[in-house]
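Values quoted throughout were computed directly from the atomic coordinates according to the rules given, and no laboratory measurement underlies them. Here the structure is a predicted model, which means the values were calculated and not measured. Virtual Cβ from ideal backbone geometry, glycine too; neighbours counted across all protein chains shown.
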2 protein chains.
Amino acid sequence: MSAGGGRVRIYDVASRAGVSVATASKALNDTGRMTEDTRQRVKAAATELGFRPNAMARGLIQKRSFTIGLLTNDTYGRFTLPVMAGISEALVDQGVSVFLCGIEDDPALGRVHLDAMLDKQVDGIIASGKRIDRRLPVDLSNLPVPVVYAFTEGHEGSVTLVSDDFQGSAEAVEHLIALGCKRIVHVTGPETFASVKERTKAYRAGIGGDGVVLYGAWSEHWGHEAVAQLWQQGETPDAIFCGNDQIARGVVDALRERGVKVPADVSVVGFDNWEIVAGQTRPPLTSVDMNLKALGREAGRLVLELAEGKPVEPGVRKLPCQLVIRESCGGNAAVTESRGGVVAAVD
Amino acid sequence: MSAGGGRVRIYDVASRAGVSVATASKALNDTGRMTEDTRQRVKAAATELGFRPNAMARGLIQKRSFTIGLLTNDTYGRFTLPVMAGISEALVDQGVSVFLCGIEDDPALGRVHLDAMLDKQVDGIIASGKRIDRRLPVDLSNLPVPVVYAFTEGHEGSVTLVSDDFQGSAEAVEHLIALGCKRIVHVTGPETFASVKERTKAYRAGIGGDGVVLYGAWSEHWGHEAVAQLWQQGETPDAIFCGNDQIARGVVDALRERGVKVPADVSVVGFDNWEIVAGQTRPPLTSVDMNLKALGREAGRLVLELAEGKPVEPGVRKLPCQLVIRESCGGNAAVTESRGGVVAAVD
DNA sequence: CTCCTCTGAGAAACCGTTTTCTCGTGCAGA
DNA sequence: TCTGCACGAGAAAACGGTTTCTCAGAGGAG
């Protein structure tokens, strides 16, 4: 059936149903006044013909394109992809499609993409990045369409969504404490990152003291090195809370190479729950998931509300993280599906 | 300047330049006949006002949306992201934007996204996937717009782009042979994958015999296991060509744990050149890059040509892979930047 | 029986461009 | 001087829908 695709116009539907275009339009959109019989006749004709309204024509008059733009500088996609998936999920059944624009860190490229999207009359823009305390290299503060920031820093008075690093880290540390760990250290990324500061703060609050915090790169290599430092100084923790999964993987590998058993001797927690890293580590990593997909869903929902003129309170919203239990902490980690792991009980 | 964004219409430009809309349109598009002076006056007015034409109005009449859709089931984005980057790169300066639609493996979801894109009058569609010998769960064979397949199986008579697994694998094996390796084995993924068959064929052609081929999962775990099998059977190769980087990483880790030196005792080559795996392995992996970004660029270029009505010869096109040298093979691998590595001289 | 209101449906304007026609003018050729 | 043509520019028709307006007729109230 309906093999044609986009060829049939509302005019065809109208004439088949024996009504005017005006009536046809109203019938299909469930607006206007007419006999229920007429409405059904039009709808039937539309289905038979496989009619699909031309979104450009409709958008032109309605001043809505049912399109939003996602601007990101996270070329790698590690953060953007889950966000994108969430956005798409939230919008697809509203008939909204998403333009994905990867602008490295190039202001000119950003401008080009932005202009292209504005020309296409996007209903809104979601800005996303790879770092919560950095802005995209393009100014989005005086646009004719609403903007929502997801996982990147927004402008004054904007709507911004980030994950709650403090809460996520707190849960991780609490989990370790609940398992009986007494000497927990924190191996994390560069001190300049806001997320590093936030996670460190939660770590300190959790253990109720200064603890031991080692700053370094976001790499497996640094994980190795940190373990070397710790064992060299004779400080042997019984748990290591890591700033991300790559560091955690380096830590776990280094421990194994030293003959230290994970989780028997030392428990390890990662951050990001990046399946490809957390899942492939031996043993698989317990890790904090930032729920980026949920964050994307929320961003999609919000930008749509703004586009529809509904009021949305500006400000930064922190969305909760979730601890995903695998095997690197021992304790009650009974089950371990290869994907996703087990979500920690919240209470 | 031009703070408004999308508000100023061609009508405003025309009246400021003291001409009719018709003339304004022709002036801006460098069509029609008029004094050079008039043309410049209109252009000047447009710049001053920051005029940007409404793409919907333009598209409505021109029957072009300057928009294409990317349909993929590669949720993870490992393959799709580089392809996407290439497409975007090829199209952005033509003013074309890209809809990204992630349809898991859900036919219904695929249909919804596809319809949404067609409604929006996309000029063409690029289908992409995570496997070269599988189709997307949605039929794209009788669409009113051109379709190009990139890294996924296309329909009869379609334009399809894939990477040249044979050539890439051949280069890898040649590289090992050139380094003096005599006993090369191949540890790869499930035999059912077309790419596995192709890479195996190239491996056998390269060593001029049946060789040793171990099939398994695409995982680090399988890399470990394969090494265990090889060393248990007393067969100790001096080189291992792996079906992907994850397997290679498992292999390298397993070798290290056995005290076998890489690359001194055994050379290892991966496939995919997935930075996050290949770069973090110790030592960093020499690996075959499928040039997915170039593949994306080509896909973008082709779909645009088709959209413009230019003839494009149907069929499967294989794009060359590239061997990226890092440290896991020794030999002439002198330099090793952390990112990208060194491209093998093609000779 | 008349007047008013309410209902169903169509005519026409509109969205912001592009494109095709049409038309007046000036200049060259006869 | 008259004809024709090229040229510059504007009027108007598209594109494919939505929305506002208008209107004829039915039915109820007085």
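Look at where the Cα atoms of region B:57-79 and of region B:250-327 average out, and the two centres are 26 Å apart.
Over chain B, Cα pairs under 8 Å with separation of 6+ residues give a relative contact order of 16 percent. Each Lys or Arg adds one and each Asp or Glu subtracts one; over the other residues with Cβ under 13 Å from the Cβ of A:CYS329, this totals -3. Considering chain B as a Gaussian network with a 10 Å cut-off on Cα pairs, which listed residue, B:THR38, B:THR152, B:THR160, attains the greatest mean-square fluctuation? Ranking B:THR38, B:THR152, B:THR160 by mean-square fluctuation puts B:THR38 first. Rg/Rh, computed from the Cα trace of region A:148-223 with Rh as the Kirkwood radius, has the value 1.04. For A:ILE126, the residues whose modelled amide H falls within less than 5 Å of its own, excluding neighbours fewer than 5 places apart on the same chain, are A:GLY69, A:LEU70, A:LEU71, A:VAL148. Within region B:133-225, the trypsin sites (Lys or Arg not before Pro) that combine a DSSP coil assignment with at most 12 other C-beta atoms in a 10 angstrom radius are B:LYS182. Along region B:296-309 the Karplus relation, 6.51 cos²θ - 1.76 cosθ + 1.60 evaluated at θ = phi - 60°, assigns HN-Hα couplings of x, 4, 5, 4, x, 4, 5, 5, 5, 4, 4, 4, 8, x Hz to successive residues, with x for each Gly and Pro. When the GluC sites (Glu not before Pro) in region B:225-281 are filtered for DSSP coil states and for at most 12 other beta-carbon atoms within 10 Å of their beta-carbon, the remaining sites are B:GLU235.
The GluC sites (Glu not before Pro) found in region A:152-222 that occupy coil by DSSP, while having at most 14 further C-beta atoms within 10 Å, are A:GLU156, A:GLU191. Given Cβ point charges of +1 (Lys, Arg) and -1 (Asp, Glu) and nothing else, what value in debye, to the nearest 20, does the dipole of the protein assembly as shown about its Cα centre take? That gives the protein assembly as shown a dipole magnitude of about 2100 debye. Using a cutoff of 8 angstrom between alpha carbon atoms and counting only pairs six or more residues apart, the relative contact order for region A:12-144 works out to 25 percent. Residues whose amide H comes within less than 5 Å of that of A:LEU319, counting only those at least five positions distant or on another chain, are A:VAL162, A:SER163, A:ASP164 (H built at 1.01 Å from N in the peptide plane).
Among A:TRP274, A:TRP231, A:TRP222, the largest mean-square fluctuation in a Gaussian network model of chain A, built with springs joining Cα atoms closer than 10 Å, belongs to A:TRP231.
Take each residue in B:111-119, count the other chain C-beta atoms within 10 Å of its C-beta, and the mean is 4.
Note that region A:250-265 has calculated 3J(HN,Hα) couplings of x, 4, 4, 4, 5, 4, 4, 5, 8, x, 8, 7, 10, x, 3, 8 Hz, one per residue in order, obtained from phi through the Karplus relation 6.51 cos²θ - 1.76 cosθ + 1.60 (θ = phi - 60°); glycine and proline are x. Across the alpha-carbon atoms of region B:121-275, the computed radius of gyration and Dmax are 18.2, 62 angstrom. Computed 3J(HN,Hα) for region A:314-327, one whole-Hz value per residue from the Karplus formula 6.51 cos²θ - 1.76 cosθ + 1.60 where θ = phi - 60°, is x, x, 8, 10, 9, 9, x, 8, 9, 7, 9, 8, 10, 10, glycine and proline marked x. Two decimals is fine: what's Rg over Rh for region B:252-291, C-alpha atoms, Kirkwood radius as Rh? Ratio of gyration radius to Kirkwood radius: 1.00. Taking a ≥ b ≥ c as the square roots of the Cα gyration tensor eigenvalues, with a/c under 1.5 meaning rounded and otherwise prolate when a/b beats b/c, else oblate, which class fits chain A? In terms of gyration-tensor shape, prolate. Note on A:LYS293: aspartates and glutamates with a C-alpha under 15 Å away, same-chain residues under 8 apart excluded, are A:GLU89, A:ASP164, A:ASP272, A:GLU275, B:GLU104. Dipole magnitude for chain B: about 1260 debye, using +1 per Lys or Arg Cβ and -1 per Asp or Glu Cβ, origin at the Cα centre. The sum of -39500 (n - 2.57) across all DSSP H runs of n ≥ 4, divided by the residue count of chain B, sets its helix-only mean residue ellipticity at 222 nm to -12000 deg cm²/dmol.
The amide H of B:ASN244, built 1.01 Å from its N in the peptide plane, has B:PHE271 as neighbours under 5 Å, considering only residues 5 or more places off or on other chains. Across all C-alpha atoms in the protein assembly as shown, the radius of gyration and Dmax reach 28.2, 89 Å.
Could you state the number of Å between the C-alpha centres of region A:169-218 and region B:7-53? So the two Cα centres are separated by 61 Å. Excluding residues on the same chain fewer than 8 positions from A:LYS201, give the lysines whose Cα lies under 20 Å from its Cα. The qualifying lysines are A:LYS182, A:LYS318.
Taking the DSSP bridge list for the protein assembly as shown and keeping only pairs wholly inside it, about 15 percent are antiparallel.
Shape analysis of region A:63-110 places it in the oblate category; the axes a ≥ b ≥ c from the Cα gyration tensor give an a/c of at least 1.5, with a/b not above b/c. Taken over region B:1-44, the convex hull of the Cα atoms encloses 70 Å³ per residue.
Diagonalising the gyration tensor over the Cα atoms of region A:108-188 and scaling each eigenvalue by 5 before taking the square root yields semi-axes of 39, 12, 9 Å, largest first. Given region B:1-105, what whole percent of its Cα pairs are spread farther than 19 Å? For region B:1-105, the fraction of Cα-Cα distances above 19 Å is 58 percent.
Taking every residue in A:98-105 and counting other chain Cβ atoms within 10 Å of its Cβ, the average works out to 5.
Structure remark: mean-square fluctuation, Gaussian network model of chain A, C-alpha springs under 10 Å; the largest value among A:VAL288, A:VAL303, A:VAL145 belongs to A:VAL145.
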